[in-house]
Amino acid sequence: MKVIKFGQYIKENLHDTPEEYVKIALKKIKNKIESFFEVENEETEEEFIKMSDALKKGKKKEKEKSKISFSELGLELVSSEFSKYSALSDNLKVVLSDDQFRYDLIVIIPLEEAKIKDVNSDSSDKDIKKCYIKFKKYSIDKDFELVGQLNKNVEIDKISQDFIVELKIELDEQFPEDQESLEIETE
């Protein structure tokens, strides 16, 4: 039987598993995406504010107005859920929809991204830098037929509302709504 001194026990570096780090990173991404769809409550309280604060708020609102929002694109959040259909990676599936199409945003983080690089240093979910994204477009009118798909390797920090809007616009440009199908006329 080996006796460990208390001082050695405290110095022992305990890490969570890579699965836990991936789960935490995906949960942060999920919360971030869900926050894009929350309605912002404007403050109706009348308070005296400094002129510099008023200018900052004005500039912030002006920047927000110049960007395309989900509501302008007609996108609504249908669901967001975790899935574990692979033993090598964990996934987050976010379902968005507008009046004509359904969009599935699948964020995949392989477990090897969360491997502990240095046993002596502190590791966390912040060490995970990259993920793989699948963005799929389905037609609602044609029994959820797959219209198109984009696949990208992305840095997790770059996932934002603007990024998702850009993905939707890119997917819509590559696979337009009114594609003419090839028809052969015979007499």
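No lab work stands behind these numbers, since they all come straight from the coordinates. Predicted model, so just to flag it, every value in this text is computed and none were measured. FYI the Cβ positions are ideal-geometry reconstructions off the backbone, even for glycines, and counts take in every protein chain you see.
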All other residues with a Cβ under 12 Å from the Cβ of residue 146 taken together, and with Lys, Arg as +1 and Asp, Glu as -1, what is their net charge?
+2
Exceeding 19 Å between C-alpha atoms, which entries from my cross-link table qualify? They are 129/168; 23/93; 30/158; 30/126; 136/168.
129/168
